[in-house]
Amino acid sequence: MNYFEEALEVLISEKSSIAAEWSKTITNTVKNPFKDGNHEKGMLLFDLIIQALTEKKTEMIDSQIKNYAHIVASDRMQAEVNIAEFIKSVSLGRTILFNRLLPLNPTIAESHEFLLIINDCFDQFIYHTVEHYSELKSKMNENHYYFISSTHKDRLTLLGQMTSSFVHEFRNPLTSIMGFIQLLQDEKPKIKYLDIIAKELTQLNLRITQFLNISKRDTYDLTIELFSIEQLTNEVIEFLYPSILGANSSITSSFTETFFLKGSREEFRQVLLNIILNALDILSSVSNPTITINTEKSKSNMLKLTISNNGPKIDDSIFPHLFEPFFTTKKRGTGLGLFVCKEIIEKHGGTLTCDSSDQLTTFIIEVPYVSNQE
């Protein structure tokens, strides 16, 4: 009797005791919810190995090992067992089996084919189990993510509809209040604090506009016109002049030539207001605060408008989230200003980016322009 036949006989005759030793070892060393069925599972695997040794590893045996591996993977997945525990337990079984064959004391040449088949069976069993387990895990995660995403999307849609409706209702009395404040300023200019109330109401109205623009930015009608960016910038600076004085800041602008944009003048006004007001907030703690506005042609032959301030550098942890909605570092901020600005510029075929250093923080707007009014 050669080694192959002798070793196969040992494996057949001691199959049950090998499986029992394997099961006992797993129970003592590995947390395994399948410990009550370990003996039967070990017997099934050894039956496949014996069949592979007897038939010299046919394709049908490979298929059976794969099918059995898929069953084990599904069980592990349902029980939420770490796959690393499975790999450890199978490795223990291989070690026990080899130890039973050691007393035969074969040469390397004698044992080569026999051990090659056994190792191939174990390796295939581990590979197909882990592969199928990973597939099931990925599918479960995808389904879980899809469920969460769909639910979250539905909630956001409902929240958006409720917010939009609320803001519309809120804006009506606000408009009336602003109108009466204006009448009081005209009729009773000496009443204290009316200018402060009017300013705060204007800011509140601006925030409401931001919310409304987000909720209907793809559906509401815009007045598209040709306008001078220089003229619009000067109007915004004039409008913000009291705030600029209040921040003890200086603001300068430089226009290399006359640029005309085609789009929504009011939306571009909102972009300039947001960026400059943000700069004024940041500059409140800076000595000699300065804002600089420049225009030039970019390398891509577009209008390049830069708004710079000498405030502190934007923190690296904040920078990646700068244009995300609802992200803000201000106590009273909404986190919508820069998000809305980016949306507006991109809707007009341009880009809005930011560059921040210890010396300057610069917002860069690049948009298509019209060289003249015709």
Legend entry - Cross-link reach list, aspartates and glutamates versus Lys313, counting only Cα pairs under 19 Å and skipping chain neighbours closer than eight places: Asp281, Glu324, Asp355, Asp358
Legend entry - Phi-based couplings in Hz for segment 174-188 (Karplus 6.51, -1.76, 1.60; Gly and Pro marked x): 5, 4, 5, 4, 4, x, 5, 5, 5, 5, 5, 5, 6, 8, 10
Inset, instruction - Using DSSP, restrict attention to beta bridges with both residues in segment 233-374 and report what percent are antiparallel, rounded to the nearest 5. - result: 80
Legend entry - Calculated FRET efficiency for the pair Gln185/Ser228, C-beta based, R₀ 25 Å, to 0.05: 0.25
Inset, instruction - Could you calculate the contour length gain from Gln64 to Leu8, that is, 0.36 nm times the residue separation minus the distance between their Cα atoms, to one decimal place in nm? - result: 18.2 nm
Legend entry - FRET efficiency, Asp315 to Ile71 (Cβ-Cβ, R0 56 Å, nearest 0.05): 0.60
Inset, instruction - Using the Karplus curve 6.51 cos²θ - 1.76 cosθ + 1.60 with θ = phi - 60°, work out ³J(HN,Hα) for each residue of segment 262-278 in order, rounded to whole Hz, and write x for Gly and Pro. - result: 10, x, 8, 4, 5, 5, 5, 4, 5, 4, 4, 4, 4, 5, 5, 5, 4
Legend entry - Shape call, segment 217-277: gyration tensor on alpha carbons, a/c limit 1.5: oblate
Inset, instruction - Please give the contour-minus-distance gain from Asn105 to Ser287: 0.36 nm per residue of separation, less the Cα-Cα distance, rounded to one decimal in nm. - result: 56.8 nm
Legend entry - Residues whose placed amide H lies under 5 Å from that of Ser253, excluding near-sequence neighbours: Ile293
Inset, instruction - Convert each backbone phi in segment 120-134 into a coupling constant with the Karplus relation 6.51 cos²θ - 1.76 cosθ + 1.60 (shift: θ = phi - 60°), then list the ³J(HN,Hα) values in order as whole Hz, x for Gly and Pro. - result: 5, 5, 4, 5, 5, 4, 5, 4, 5, 5, 5, 4, 5, 4, 5
Inset, instruction - Please go through the residue pairs Lys41/Lys139; Lys299/Lys342; Lys262/Lys304; Lys24/Lys56; Lys304/Lys342; Lys299/Lys347 and name each one whose alpha carbons sit more than 18 Å apart in this structure. - result: Lys41/Lys139; Lys299/Lys342; Lys24/Lys56; Lys299/Lys347
Legend entry - Cβ-defined net charge surrounding Glu21, 13 Å radius [Lys, Arg +1; Asp, Glu -1]: +3
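None of the figures in this text is laboratory data; all of them are computed from the coordinates on show. Computed from a predicted model, the values in this text were never measured in an experiment. All Cβ positions, glycine included, derive from the backbone under ideal geometry; neighbour counts span all protein chains shown.
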